[in-house]
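Okay, so here's the structure we're looking at.
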Amino acid sequence: HDGEDAVFVTQRGGAAHVTPETRPRDNRRSSAMMGRRMYLQIYPSPLVNASRMFKIAKSVHQTGYFDETHLVGVQTDDVEARERLAPGVSIIRIRGSKRRGNMGRLLRAALWQPRVYRRYHREPLAVVAAHNVWVLPLCWLLSRKTSASLVYNAHELETETVTMKGPKQRAARF
């Protein structure tokens, strides 16, 4: 990225703040930001009780810099594929694997992530936010393909959690 249309997302006091480098004084998108209007958050879960992500999405969308904000999760039988949280803010759930455990995680990476990529690689993305270390490569690919800014929103230091041991931990640190 050349820095002309860099977008920075920070979180203070539970609210997300978007700060473009080229933010115009009248709070409208600059010509450099026109045509790149979607804020995309990706997290590999059904997004049923993701209040932190909902709060970030609504707060970022209220800045007016994005026409649409999508939270992308995994479609399961018991949740809707599309759910509207607020005007311009939606949860989009994409079919993954019904399997649980390690095999389910492996299938999610093998099936769900390519489906997410196919769904969004031609969209006018401005920001792609990864909310999990395992979707970071997918988000990086989407950001490169669409020239969007990449944000990694670590919910905790994932490589140091109790469940992260052995080869799984080494792969995440890589």
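The values are calculated or read from the model by the stated rules, or taken from the named source; none is laboratory data. Small disclaimer: the values here were computed from a predicted structure and weren't measured. Neighbour counts run over all protein chains shown; Cβ positions are idealised from the backbone, glycine included. Please note that ligands, DNA and RNA were not included when accessible areas were found on the heavy atoms of the full protein model with its side chains. Shrake-Rupley method; radii C 1.70, N 1.55, O 1.52, S 1.80 Å.
For this structure, a couple of remarks:
- In segment 56-85, of all residues being assigned to a strand (DSSP E or B) and under 13 Å from the mean Cα position of the chain (by Cα), the one that is surrounded by the fewest Cβ atoms within 10 Å (Cβ to Cβ) corresponds to 68.
- Note on segment 86-120: residues that are surrounded by fewer than 16 Cβ atoms within 10 Å (Cβ to Cβ), in contact with a strand residue (DSSP E or B) (Cβ under 7 Å, 6 or more places away or on another chain) and in a strand (DSSP E or B) total 1.
- Taking the criterion of being modelled with pLDDT under 90, loosely packed, with under 15 Cβ neighbours inside 10 Å and in a loop (DSSP other than H, G, I, E, B), the residues of segment 126-172 that qualify are 154, 155, 156, 157, 161, 162, 163, 165.
- Annotation: of all residues in segment 39-55 being in contact (Cβ under 8 Å) with a residue 12 or more places away in the chain and in a loop (DSSP other than H, G, I, E, B), the one that is most open to solvent (accessible area, probe 1.4 Å) is 48.
- All told, residue 97 meets the bar of being modelled with pLDDT under 90, in contact with a helix residue (DSSP H, G or I) (Cβ under 8 Å, 6 or more places away or on another chain) and under 21 Å from residue 136 (Cα atoms).
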